[in-house]
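Colleague: My questions all concern the structure below.
The values are calculated or read from the model by the stated rules, or taken from the named source; none is laboratory data. As the structure is a prediction and not an experimental result, all values here were calculated from the model. Cβ coordinates were reconstructed from backbone atoms using ideal geometry, including for glycine residues, and neighbour counts include every protein chain displayed. To get the accessible areas, we keep the full protein, side chains included, count just its heavy atoms, and leave off ligands, DNA and RNA. Shrake-Rupley method; radii C 1.70, N 1.55, O 1.52, S 1.80 Å.
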Amino acid sequence: PVSAIAIDLETKEILTGGYHELIIWSRSGQLLQRIGNQGQRTYSIDLHPTNQNILTSSGTPGLLGEVRIFDRQTGQLIGN
């Protein structure tokens, strides 16, 4: 299930939170990128103002919560 969504107004890409991953879609619905290393459930997705990083809040319900920062271009985890 999708538990979080963000829309990049500049590129028109749609970012969704899936099970242990972030998924980036084109406006037409084409899958562009899957980013793993995400918490079990994504609660929110935000784009950094410079559009270089993706910030998420995620975790395992009732057990763990965290904030993660991903590089937008590579999908690499920068920090949590």
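Colleague: Within the group Q38, Q33, which residue is in contact with a strand residue (DSSP E or B) (Cβ under 9 Å, 6 or more places away or on another chain), within 15 Å of N80 (Cα to Cα) and open to solvent by less than 80 Å² (accessible area, probe 1.4 Å)?
Modeller: Details: Q33 fails: within 15 Å of N80 (Cα to Cα).
It is Q38.
Colleague: While we're here: Report, by residue number, each residue of segment 3-12 that is open to solvent by less than 100 Å² (accessible area, probe 1.4 Å) and part of a loop (DSSP other than H, G, I, E, B).
Modeller: Hits for segment 3-12 are S3, A4, D8, T11, K12.
Colleague: Taking only pairs six or more apart or across chains, which ones have beta-carbon atoms under 8 Å, a first residue in segment 43-59 that is acidic (D, E), and a second residue that is surrounded by 14 or more Cβ atoms within 10 Å (Cβ to Cβ) and part of a strand (DSSP E or B)?
Modeller: Taking only residues 6 or more apart or on different chains, the pairs are D46/A6; D46/I54; D46/L55; D46/T56.
Colleague: What do you reckon, is L15 surrounded by 12 or more Cβ atoms within 10 Å (Cβ to Cβ) and either assigned to a loop (DSSP other than H, G, I, E, B) or not basic (K, R) (or both)?
Modeller: Answer is yes for this residue.
So that you can scan it fast, the table gives a plain yes or no per residue for (1) modelled with pLDDT of 90 or more; (2) surrounded by 15 or more Cβ atoms within 10 Å (Cβ to Cβ); (3) assigned to a strand (DSSP E or B); (4) among the aromatic types (F, W, Y):
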position: P1; (1), (2), (3), (4): no, no, no, no
position: R27; (1), (2), (3), (4): yes, no, no, no
position: I45; (1), (2), (3), (4): yes, yes, yes, no
position: R68; (1), (2), (3), (4): yes, yes, yes, no
